[in-house]
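Undergrad: The structure follows.
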Amino acid sequence: MNFEDAVAYYTELMQSGVGFGAALAWTVIRPLGDPLPLEDAATRLIGGGHPELVESDEEFTEEAEFLEGKAVYLGRAGAATMMVEPGGFSYVRRPQVMAWLSRDAQVWHLSWNVKGMTVLEYAAHGQWLARAPELDLEMLHGADPSALEKEAAALQEVASAPWPTQKATAMAIIELRTGARLPMDWWDHPHPVAIVDPLISDECPPIALWHYEPDLAARVQLTSQEIRQAILLRLANALIERFDLGQPIIQAVRSANDHLPLNPKLLEEVRVEWESLGRPWAGRGFAVRAEDEDAWHRWVAANAVRHTLRSLNEGASYLDGVTYARFALAEQWPETRNWMREMTRDASG
């Protein structure tokens with residue numbers, strides 16, 4: 001299909017009432033090598049961490065408005081990976097996230113929402129490169145604005161055309177650059193959805209432990225599952241001793257100590273308690289630590305326990321909880337790091 005036909009297709013898509021006219025956040029990852037598995041794309045979303053993955057259904061999609069900026073729908077289009085965020089309020093468009101997604105890839109992002117913000121962005125080879133707010137050539141900026149200059153100039157040429165010509169042109173440009181087409185029936189099919197935790201700061205810190213503690217992360221990952229479980233369980237116990245985290249979290253850690261199964265109901269109670277501790281920042285997308293230091297530390301510690309329990313339930317396979325614990329413990333973290341290292345040394349010795 002040629003470019004003009006693609007513009008006509010996206011014009012029809014937005015005028016058809018299928019859920020993309022008033023708001024859209026669409027991201028396409030074009031790999032430079034092998035296709036990126038959806039699970040790997042989800043991991044990249046939070047800087048190497050492990051967001052919860054759920055399967056969308058009709059009920060989930062109806063409730064997704066409460067997850068704006070947190071629910072990222074995943075799909076495939078040939079060799080490309082697509083991400084769609086309901087409502088057009090995008091977590092993915094953050095420069096850090098674009099950079100994480102673009103390792104060994106190009107990433108194209110287009111979004112608009114009911115507040116009127118429209119933006120086209122581009123990243124490649126692990127670097128966020130360019131952004132065109134309002135699809136305006138004059139507002140183009142970034143680490144390398146020339147990387148998006150041709151596209152922004154094409155959009156400038158249709159800036160005064162009737163709605164939705166300019167937005168349809170932007171979508172056609174992404175299809176031309178990536179080979180990915182956003183299907184008209186996207187919402188008619190279930191998709192894996194990555195649920196992104198509320199950010200602990202507006203800096204959008206990555207969640208993989210190796211960003212902060214590469215040696216410790218490697219040591220722990222190289223130990224046996226039994227040792228990893230022991231490390232994570234000791235960490236969970238240390239956190240409930242240090243912070244007042246609420247009875248559901250305490251009970252869940254006690255169950256883990258007693259080697260009882262952490263069933264979905266118990267983990268859901270932990271999630272609800274963690275969310276209640278983060279109420280001061282609910283709906284804001286990120287927390288401001290300076291507003292309430294004690295509440296922030298408790299909330300981050302609760303998430304550390306939550307992810308530690310999730311990992312224990314899945315073979316102690318990931319260390320997101322350790323990253324959150326590092327932030328929560330702050331000046332007490334070096335002591336925790338030391339005993340973790342000792343446990344890995346004992347295991348190898």
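Undergrad: If you find the alpha carbon centre of the stretch 191-235 and of the stretch 127-164, how far apart are they in angstrom?
TA: 37
Undergrad: Expressed as an acute angle from 0 to 90° and rounded to the nearest 10, what is the orientation of the C-alpha long axis of helix 165-178 relative to the principal long axis of the chain?
TA: Rounded to the nearest ten degrees, it is 60.
Undergrad: Under 8 Å for C-alpha pairs, at least 6 residues apart: give me the relative contact order for the stretch 267-331, rounded to a whole percent.
TA: RCO, the stretch 267-331: 32 percent.
Undergrad: Going by alpha carbons, how many degrees (0 to 90, nearest 10) lie between the helix axis of 333-348 and the longest principal axis of the chain?
TA: Approximately 80 degrees, to the nearest 10.
Undergrad: With runs of 4+ DSSP H residues as the only contributors, calculate the mean residue ellipticity of the chain at 222 nm using -39,500 (n - 2.57) per run, divided by the residue total and rounded to the nearest 500.
TA: Result for the chain, helices only: -14000 deg cm²/dmol.
Undergrad: Could you look at the chain and say what percent of its accessible area is carbon and sulfur, using a 1.4 Å probe and all protein chains?
TA: Solvent-exposed carbon and sulfur of the chain make up 50 percent of the total.
Undergrad: Whole number in Å², please: accessible area per residue of the chain, 1.4 Å probe, ligands, DNA and RNA not counted.
TA: 46
Undergrad: For a test of the definition: using alpha carbon positions, the gyration tensor, and the 1.5 limit on a/c, classify the stretch 1-57 as rounded, prolate or oblate.
TA: oblate
Undergrad: Counting alpha carbon pairs within less than 8 Å and at least 6 residues apart, what relative contact order, in whole percent, applies to the stretch 138-258?
TA: Result for the stretch 138-258 is 10 percent.
Undergrad: Using a 1.4 Å probe on the protein heavy atoms only, what accessible surface does ARG254 show? Give it in Å² to the nearest 10.
TA: Ignoring ligands and nucleic acids, ARG254 comes out at about 120 Å².
Undergrad: I've got another one for you. Pairs of Cα atoms under 8 Å, at least six residues apart: use those to get the relative contact order of the chain, whole percent.
TA: 17
Undergrad: Here's something else I'd like to know. Compute the long axis of helix 225-242 from its Cα atoms, compare it with the longest principal axis of the Cα atoms of the chain, and write down the angle in degrees, 0 to 90, nearest 10.
TA: Tilt of helix 225-242: around 80 degrees.
Undergrad: Would you mind finding the longest exposed-site-free stretch of the chain, with exposed GluC sites (Glu not before Pro) meaning DSSP loop and at most 13 other Cβ atoms within 10 Å?
TA: 1-202
Undergrad: Between (i) 20.2, 65; (ii) 21.9, 71; (iii) 30.0, 111, which entry matches Rg and Dmax of the Cα atoms in Å as derived from the coordinates of this structure?
TA: (ii)
The values are calculated or read from the model by the stated rules, or taken from the named source; none is laboratory data. On a predicted model such as this, the values are computed, not experimentally measured, just so you know. Positions of Cβ are generated from backbone atoms using ideal geometry, with glycine treated the same way; all protein chains shown enter the neighbour counts. Ligands, DNA and RNA are excluded from the accessible area calculation, which covers all protein heavy atoms including side chains. Shrake-Rupley method; radii C 1.70, N 1.55, O 1.52, S 1.80 Å.
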